[in-house]
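Heads up, the thing below is written out as structure tokens.
The values are calculated or read from the model by the stated rules, or taken from the named source; none is laboratory data. What you see is a predicted model; the values in this text were computed from it and never measured. Reconstructed Cβ throughout: ideal geometry from the backbone, glycine too, with neighbour counts over all protein chains shown. Ligands, DNA and RNA are stripped out before the accessible areas are found, and what is left, the full protein with its side chains, is counted by its heavy atoms. Shrake-Rupley method; radii C 1.70, N 1.55, O 1.52, S 1.80 Å.
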Amino acid sequence: MHVFKSQGKQILNPMSSRNAPLPSKVSIDAGRCIFHYMREAGIAYLTLTDKAYPKRLAFLYLEEVHQTFEEQLFKEYGEGWRHEVETVPRPYAFMRYDRFVNRKRRDYADPSSKRNMKKVEEELADIYNITRKNIQEVLNRGEKLDQVSEISSRIASRSKTFKWGSKKLRMQAQFQKYAPFAALGLVLLTVVYYKFFW
């Protein structure tokens, strides 16, 4: 057991820096056992299980410990509980909540109990529903992308028509602007031609 305690401390050491870029959930193989840790709001939760213990159930346990811990902190400190956690003077300062953790540990001791199996099934059902919802949203986005593509092709064809129309209008404006001068110049040239060369 002493070996596992020292391994647990080695796992938690990098977490003492609150700014350390660590994943929120990780399982670490420790020989015949596995450490599971979860980090939420700068607080690390760690448990040690047999290799045969389901990972999903271990993380459900850690999530419940997290929720219970936050509830107890809120009851004791109110809205300022986060400040209490951030300014804790020593490690393991909240061991007084151990009885709540032990209660949760007893609830999760047998992974094949009906209660735990139901929790895993509910978790899997939630994941299934979220996945289904995400896939449906992606499909809807695909339909919307098709609509956007169709609209953009219509806009492109209309822009070509508009471009030709604008060229035509520009030519007409140029003609209207310079036609009187061109006509006057032509009349003058005709008069000069008939006067001098005819």
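Tyr97 meets the conditions (1) out of contact with any strand residue (DSSP E or B) (no Cβ under 9 Å at 6 or more places or on another chain); (2) open to solvent by 60 Å² or more (accessible area, probe 1.4 Å); (3) of a type outside the set (Lys, Arg) in every case but one. The failed one is (2). For the stretch 97-113, the set of residues classified as modelled with pLDDT of 75 or more, closer than 15 Å to Leu62 by Cβ and in a loop (DSSP other than H, G, I, E, B) consists of Ala109 only. Just one of the listed residues (Val187, Val148) is modelled with pLDDT under 80 and open to solvent by less than 100 Å² (accessible area, probe 1.4 Å), and it is Val148. Being of a type in the set (Phe, Trp, Tyr) and either surrounded by 13 or more Cβ atoms within 10 Å (Cβ to Cβ) or touching a strand residue (DSSP E or B) at 6+ places or on another chain (Cβ under 9 Å) (or both) is a description that does not apply to Tyr92. Among all positions in the stretch 164-174, there is no residue which is under 30 Å from Tyr53 (Cβ atoms) and open to solvent by 100 Å² or more (accessible area, probe 1.4 Å). The requirement of being open to solvent by less than 30 Å² (accessible area, probe 1.4 Å) and part of a loop (DSSP other than H, G, I, E, B) is not satisfied by Ala58. All conditions in (1) assigned to a loop (DSSP other than H, G, I, E, B); (2) modelled with pLDDT of 80 or more; (3) of a type in the set (S, T, N, Q) hold for Thr47, with the sole exception of (1). Glu71 meets all of the listed conditions (1) in contact with a Leu (Cβ under 7 Å, 6 or more places away or on another chain); (2) open to solvent by 30 Å² or more (accessible area, probe 1.4 Å) but one, namely (1). Determine whether Leu139 is open to solvent by 90 Å² or more (accessible area, probe 1.4 Å) and at pLDDT below 80. Yes: the conditions hold for Leu139. Inspection of the stretch 114-135 finds a residue satisfying the criterion of being in a helix (DSSP H, G or I), of a type in the set (S, T, N, Q), open to solvent by less than 90 Å² (accessible area, probe 1.4 Å) and over 30 Å from Ala52 (Cα atoms).
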